[in-house]
Each structure stands twice: as C-alpha cells, then as structure tokens.
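Peer 1: One structure follows; several queries about it will come next.
Every number in this text was worked out from the coordinates using simple rules, so none of it is lab data. Because the structure is predicted, anything quoted here is derived from the model rather than measured. Positions of Cβ are generated from backbone atoms using ideal geometry, with glycine treated the same way; all protein chains shown enter the neighbour counts.
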Amino acid sequence: MTRRVEVAPRALAEAEAAAVWYEEFRPGYGRMFRRELDAVLLRLRENPTGFQAVNPLYRRAFLRRFPFVVVCRVRPDRVEIVGVLPTKADPALLAMLTQAPFVTP
C-alpha cells in the first residue's frame, strides 16, 4: 500500500542544511544529496515497514551515498518524516526525535 509522506518542518530544515553544505563542499553534491533523499522518501512511501525499526513506533532509512539517516513514524495512511540526521549524530537526538509528537504547520 502506498502512503503519503509528510515531512516535519525540522526534518525539512535539516535536509536543506545538509544539501547546502554538500553543494558548498563540492558543486553538484547538493543536488546529488537531494536526489538520493528523494529516492529514500519514495522507498519509504512504497514500503515503510521494510526499514529498520528504532523502536515500536519509528523506523530509519539510510541514504546510500551520504552518511545520513531518515527517521520516520509509520501511520496507517501516511509516513511522517521527523528527522534527517547525520549518522554520527548524538544518539540522544534520535531518542528525542522518537519521543516528540509530530507537528505540521
């Protein structure tokens, strides 16, 4: 079953900051980061339960070419993206994201 994907403002800001950093690091890398992130979001939309569980409510999906992970909550009708984090992020941040309620604007 295909679900819609909702991205929390915080996750959107994290993804954009990473893309900007990669583009400044090497021209073209920001665009590559965005494309890879879009591919992960598509896979999450199509098969969200196929990704590793962080706890009973949240899952994570790793980007293949960049050291980032997408953290999401799977609902019956949607996938809520709560974070786009570097894989070396503080584990406390992941814990905080998976405890916080999902808020949309």
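Peer 1: Only one of L42, L85 is of a type outside the set (G, A, S) and in a helix (DSSP H, G or I); which?
Peer 2: Answer to the check: L42.
Peer 1: Working only within segment 17-46, note down all residues that are surrounded by 15 or more Cβ atoms within 10 Å (Cβ to Cβ) and over 16 Å from A61 (Cβ atoms).
Peer 2: A19, Y22, E23, Y29, G30, M32
Peer 1: If you don't mind, there's one more thing I want to ask. Filter segment 47-62 for residues that are outside any helix (DSSP H, G or I), surrounded by fewer than 16 Cβ atoms within 10 Å (Cβ to Cβ) and free of Cβ contacts under 8 Å to residues at least 24 places away in the same chain and give the result. Give the derivation first.
Peer 2: Of segment 47-62, the ones outside any helix (DSSP H, G or I) are 47, 51-62.
Going one step further and asking which of them are surrounded by fewer than 16 Cβ atoms within 10 Å (Cβ to Cβ), we end up with 47, 52-53, 55-57, 62.
Once the filter is applied, which keeps residues that are outside any helix (DSSP H, G or I), surrounded by fewer than 16 Cβ atoms within 10 Å (Cβ to Cβ) and free of Cβ contacts under 8 Å to residues at least 24 places away in the same chain, segment 47-62 yields N47, Q52, A53, P56.
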